[in-house]
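Notes to accompany the following structure.
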Amino acid sequence: MSHTLGQHLIVANRAGAGGSIGAAAVAQAAPDGQTLLTGTASLTTGHHLYNLNFHPLKDLVPVAMLAKMPVFIWVRGDSPYNTLPDLLEAMKASNGQYNYSSSAPTTLAHLGSLRLLDETGVQATHVNYRGSAQATTDFLAGVFPVYFEVGQPLAPHYAAGKAKPLAVLSSQRSTLMPDVPSVTEFGLPAIDAKPFVALMAPAGTPEATLVRLNEHARKALQSPEVRSRLDSLYFEVDAGGSPAEVATWLQEQSSMWGEVIAKHGLKVD
């Protein structure tokens, strides 16, 4: 965006609490369009999981959606299951003896898996990890047979035939893997479990400023260099939507994940 805005942007990394520390700092900044946040899924889950001193969707407002990263349902390449219905039937027949995993608890991959199991009546045990590196290694080694994960960690293993995606947790197929069906194609409800990157500003930022920044963000996403980089990370470029449309989507996501979190009693200290 620095090229389209014609000014230098300073990036300040403030990690912690699933991104909530950085979000809180931006929420407290002056609403003049000079301080922005590249927010992630914690915008829609953080206030359900943590005891925050601010509300991500009340104290921040969207500027633009930048990119989304779809979650796939993976089995190993030698798995006997080639369709999602076959896998779910086997999991249901195991009477809760099936183990599966995601990269970490309370990620959208984990929450999406819980929603899918709730919708299908399948009982299974989630094996907790603290990142995709070890989880992916163990999945490929056969420690657990089903893996809910985004595309990047498994892309080379998919190409090598060591892993195969049965479905994407989305209402539509992903442009990254267009041959992989969405869960809705099997008659299941839409479960849009997509980690995302959204540009946010402090609440109270003038609408004209939000619209101007939205236009610059969308222009930046048209850059071949930016698109190539996002493609390599298995992000889908999402340059559409006004600030108001992004706000509606974030609220819908917050409501959906809030229900899942409450039902399963999830909380992060």
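Against the test of being touching a residue at least 24 places away in the same chain (Cβ under 8 Å), within 16 Å of the chain's Cα centre (by Cα) and at positive phi, the options G161, G151, G131 yield a single qualifying residue, G131. Of the residues in segment 219-227, at least one is more than 20 Å from G151 (Cβ to Cβ), part of a helix (DSSP H, G or I) and in contact (Cβ under 8 Å) with a residue 12 or more places away in the chain. Restricting segment 213-231 to residues that are small (G, A, S) and in contact with a helix residue (DSSP H, G or I) (Cβ under 9 Å, 6 or more places away or on another chain) leaves a set whose member that is surrounded by the fewest Cβ atoms within 10 Å (Cβ to Cβ) is S223. For A239, are the conditions met, namely being modelled with pLDDT under 95 and assigned to a loop (DSSP other than H, G, I, E, B)? So A239 fits the description; yes. All told, A24 meets the bar of being free of Cβ contacts under 8 Å to residues at least 40 places away in the same chain, under 22 Å from V246 (Cβ atoms) and assigned to a helix (DSSP H, G or I).
Looking at V122, is it free of Cβ contacts under 8 Å to residues at least 40 places away in the same chain, more than 19 Å from the chain's Cα centre (by Cα) and farther than 22 Å from K267 by Cα? So V122 passes the test. For segment 101-182, the helices (runs of 4 or more DSSP H) that sit wholly inside it and include 2 or more residues that are at pLDDT 95 or above, touching a helix residue (DSSP H, G or I) at 6+ places or on another chain (Cβ under 9 Å) and surrounded by fewer than 22 Cβ atoms within 10 Å (Cβ to Cβ) are 108-120, 132-141. The listed residues are E236, E207, and the only one of them that is under 21 Å from Q28 (Cα atoms), assigned by TED's automatic domain parsing to the domain that holds G22 and either in contact with a Pro (Cβ under 7 Å, 6 or more places away or on another chain) or of a type in the set (D, E, K, R) (or both) turns out to be E207. Quick one: would you say F186 is modelled with pLDDT of 95 or more and buried (at least 18 other Cβ atoms within 10 Å of the Cβ)? In short, no. Filtering segment 63-104 to residues that are in contact with a Lys or Arg (Cβ under 9 Å, 6 or more places away or on another chain) and either under 30 Å from V26 (Cβ atoms) or hydrophobic (A, V, I, L, M, F, W, C) (or both) leaves A64, K68, M69, P70, V71, W74, V75, S103, A104.
Of the listed requirements (1) among the acidic types (D, E); (2) surrounded by 18 or more Cβ atoms within 10 Å (Cβ to Cβ); (3) farther than 22 Å from L57 by Cα, D238 misses just one: (3). I need the full set of residues from segment 27-53 which are aliphatic (A, V, I, L, M) and surrounded by fewer than 22 Cβ atoms within 10 Å (Cβ to Cβ), in order please. Within segment 27-53, A29, A30, L36, L49, L52 meet the criteria.
The values are calculated or read from the model by the stated rules, or taken from the named source; none is laboratory data. No experiment lies behind these values; they were computed from the predicted model shown. Here the Cβ is made from the backbone with ideal geometry for all residues, glycine too, and neighbour counts use every protein chain on show.
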